Amino acid sequence: MDLFSRSWAALRTAVAEIPDEDFDRPSGCTGWLVRDLVCHLLIGAQDVLITLVTPAESEPTADAVTYWHLVEPPTGEDPLDALIPRLAAAYGEPRWLKFHFDDVGSAAGRAAALADPAARVGTRDQVLTVGDYLTAYVLEWTLHHLDLIAHLPSAAEPPAETLAAARALLEKIAGTPFPAPFSDKDALLIGTGRRTPTDAQKAALGDLASELPLVLG
């Protein structure tokens, strides 16, 4: 719960500090500008709010690891992926997108802080405890924080503790650890295909290199 709050607060702060002119820069998500990614994050915050008020009575069917599914890399043909840039552009000035994101994002943060970690919620045809659901989102927020600042060298990076937690979760999804010399950031970027490994890094990955990228859906 605490790591969710830290990762989300850091991401919200990063968005708030982006100068308006940088909203038209590319993000780390192929084909999306920074403004498109912020719009995606807004929808993610809405999803958190919806899930936290969708109680479930049955036993959990997933946890923070199995919540994620490995999918094929995006092709740009998904209707929602194509919709995001149009929604982002409809805001016009970045300040309106920032305002809406901060409004919904702060509500999602408060809802998460108030939620009972042992309670069960339903989402995506799965049942999870609130604790597992929010833990899964530490990986989501941390990866997208890295995406947000991919071409903004002066922007603050995610907190070290959330980078470490996101790496640990990705390693559980992969079923094996990343090489110890990899920084948490490198493990996340290389593991999810956001960065191409060097020849030395590929050699260090060994058999895991053929399993990458791990595209989460």
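Order 66-75, 136-145, 160-169, 107-116 from most to least packed using the mean count of other Cβ atoms within 10 Å. All intermediate terms of the calculation are to be shown ahead of the outcome.
Numbers: 66-75: 12.5, 136-145: 24.8, 160-169: 19.3, 107-116: 15.6.
Taking the mean over residues of other Cβ atoms within 10 Å, the ranking is 136-145, 160-169, 107-116, 66-75.
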Alpha-carbon centroid distance for the pair the range 165-192 / the range 45-91, whole angstrom = 22 Å
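Indicate the gyration tensor shape class of the range 23-126 (rounded, prolate or oblate), computed on the Cα atoms with a ≥ b ≥ c the square roots of the eigenvalues: a/c under 1.5 is rounded; otherwise a/b larger than b/c is prolate and the rest oblate.
On the way: a/c = 2.78, a/b = 1.46, b/c = 1.90.
Judged from the Cα gyration tensor, the range 23-126 comes out oblate (a/c at least 1.5, b/c at or above a/b).
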message = Just to check I understand the Karplus step: with θ = phi - 60° and J = 6.51 cos²θ - 1.76 cosθ + 1.60, what whole-Hz values come out for the range 106-118, glycine and proline as x?
response = 5, 5, 5, x, 5, 4, 5, 5, 8, 6, 7, x, 8
message = Show me the ranking of peptides 184-195, 32-43 by mean Cβ neighbours inside 10 Å, starting with the highest.
response = 32-43, 184-195
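Run lengths n ≥ 4 of DSSP H only: what is the helix-derived mean residue ellipticity at 222 nm for the chain, with -39500 (n - 2.57) per run over all residues, to the nearest 500? Spell out each step's value before the answer.
Working: 8 runs with 117 residues, N = 217.
Mean residue ellipticity at 222 nm (helix-derived): -17500 deg cm²/dmol.
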key: Long-range amide H partners of residue 127 with built H, under 5 Å   = 61, 62
ask   = What are the ³J(HN,Hα) values, in whole Hz, obtained from phi via the Karplus relation 6.51 cos²θ - 1.76 cosθ + 1.60 with θ = phi - 60°, for each residue of the range 39-52 in sequence order, with x given for Gly and Pro?
value = 5, 4, 5, 4, 5, x, 5, 4, 4, 4, 4, 4, 5, 5
Å² of accessible area per residue within the range 1-155, as computed with a 1.4 Å probe and no ligands counted = 50 Å²
key: Within the accessible area of the chain (1.4 Å probe), percent carbon and sulfur   = 55 percent
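The values are calculated or read from the model by the stated rules, or taken from the named source; none is laboratory data. Quantities reported herein were computed from a predicted structural model and do not represent experimental measurements. Backbone-built Cβ (ideal geometry, glycine too); neighbour counts: all protein chains shown. Side chains included, ligands, DNA and RNA excluded: accessible areas come from the protein's heavy atoms. Shrake-Rupley method; radii C 1.70, N 1.55, O 1.52, S 1.80 Å.
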